[in-house]
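Below: one structure, written as structure tokens.
The values are calculated or read from the model by the stated rules, or taken from the named source; none is laboratory data. Small disclaimer: the values here were computed from a predicted structure and weren't measured. Glycine also receives a Cβ, built like all others from the backbone with ideal geometry; neighbour counts cover every protein chain displayed.
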Amino acid sequence: MRLDRFRSKTVAAVRFVAQRGLLKPVVRCVVKVSVHGEDQLTDLRPPFIVVANHASHLDAPVILGWLPRRHSRYLAAGAAADYFFDVWWRKWLTMLFFSAFAIERKGERKRGGVSRSLLDRGVPLLIFPEGGRSKSGAVRPFKRGAAALAIMSEVPCVPVALVGTSAAMPSGATWPTRGRPPVDVVIGAPMLPGPEDTPVTFTARLSAEVLRLHASVATTPVLVQDDTVPPAPSGTRAPRPSRTEVAEVTKVTAERPTVDGPG
């Protein structure tokens, strides 16, 4: 994979037009986004890893569209090779809008070194450590790839909690629910792995912080750990969430296989 495009000013300018001129206005029309904690990023310089929970196709557009421009300009998102890179048009759209690089979720990870190579070149990354979208909206156990990458590359992780994206557009839905449901982006302070941290312990710290940030603005109790709720039928609009729907979140464990990033 050619890595020059991730640092190209020309490509970044084209992507800025695509993200802020096309994608962000569309997202703004379907959800109401509020950002909390931007001041946490004042002294942050690349490279770094943005670590967030993942429950909706809205997650990456919201993060890339609402993070401060100086932090999102070269932000590259890990995307599942078996979905986003399986057909040419989806591959190029994903690369255009999200500066995406392919992550293998199954079998041999031939692209496993791309994440570290990008960090070595000063490119910040967006990684969803759950390894894919939660079908129930629950925050699932984090895999250890992001933490291991931060330790190896000696870069900070920025914890981000996304609240409301699952209700707005759950897994399986092709379009968000009506009524511009609220979505909150809660940014935490950058976290550096400590000298005694292992991928397991740093993953536990990251997941605990994302859950804490989530709980700081959530209007319902935190979510359950498993994915017992089926996704919305393929090809349907996301339903309006019931006011009585309540989810509970349990602690996220770190005992999962190491991966570079999500799909």
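Name every residue in the range 166-205 that is among the polar types (S, T, N, Q) and either free of Cβ contacts under 8 Å to residues at least 24 places away in the same chain or part of a strand (DSSP E or B) (or both), in order of residue number.
Of all residues in the range 166-205, those among the polar types (S, T, N, Q) come to 166, 171, 174, 177, 198, 201, 203.
Scanning the range 166-205 gives a single hit, T174.
Under 24 Å from R144 (Cβ atoms), at pLDDT 95 or above and of a type outside the set (S, T, N, Q): is that true of V50 in this structure?
Spelling it out, V50 is indeed under 24 Å from R144 (Cβ atoms), at pLDDT 95 or above and of a type outside the set (S, T, N, Q).
Which of the residues spanning the range 190-211 are more than 17 Å from F128 (Cα to Cα) and either of a type outside the set (S, T, N, Q) or at pLDDT below 95 (or both)? Break it down into steps so the answer makes sense when it comes.
Within the range 190-211, the first condition is being more than 17 Å from F128 (Cα to Cα), and the residues that meet it are 192-198, 201.
Of everything in the range 190-211, those that are more than 17 Å from F128 (Cα to Cα) and either of a type outside the set (S, T, N, Q) or at pLDDT below 95 (or both) turn out to be L192, P193, G194, P195, E196, D197.
Quick test of your reading of the structure: Y83 fulfils all but one of (1) modelled with pLDDT of 90 or more; (2) part of a helix (DSSP H, G or I). Name the failing condition by number.
The single condition Y83 does not satisfy is (1).
Going residue by residue through the range 171-194, is there one that turns out to be polar (S, T, N, Q), more than 18 Å from I63 (Cβ to Cβ) and touching a Ser or Thr at 6+ places or on another chain (Cβ under 8 Å)?
yes
Taking the residues in the range 34-61 that are more than 10 Å from the chain's Cα centre (by Cα) and part of a helix (DSSP H, G or I) as candidates, determine which candidate is farthest from V217 (Cα to Cα).
Top of the filtered list is L41.
Out of A147, A215, I need the residue that is in contact (Cβ under 8 Å) with a residue 24 or more places away in the chain, in a helix (DSSP H, G or I) and surrounded by fewer than 24 Cβ atoms within 10 Å (Cβ to Cβ). Which one?
Values: A147 fails: surrounded by fewer than 24 Cβ atoms within 10 Å (Cβ to Cβ).
Criteria check complete, one pass: A215.
With respect to V87, is the statement that it is in contact (Cβ under 8 Å) with a residue 60 or more places away in the chain and among the β-branched types (V, I, T) true?
no
If we keep just the residues of the range 29-44 that are touching a Lys or Arg at 6+ places or on another chain (Cβ under 9 Å) and of a type outside the set (A, V, I, L, M), which is surrounded by the most Cβ atoms within 10 Å (Cβ to Cβ)?
Looking at residues that are touching a Lys or Arg at 6+ places or on another chain (Cβ under 9 Å) and of a type outside the set (A, V, I, L, M), I get K32.
Tally time: how many residues in the range 99-115 are modelled with pLDDT of 80 or more and either within 17 Å of the chain's Cα centre (by Cα) or closer than 23 Å to K9 by Cβ (or both)?
Taking the range 99-115 first, the residues modelled with pLDDT of 80 or more are 99-101, 113-115.
Filter once more, keeping what is either within 17 Å of the chain's Cα centre (by Cα) or closer than 23 Å to K9 by Cβ (or both): 99-101, 114-115.
Residues meeting the conditions: 5.
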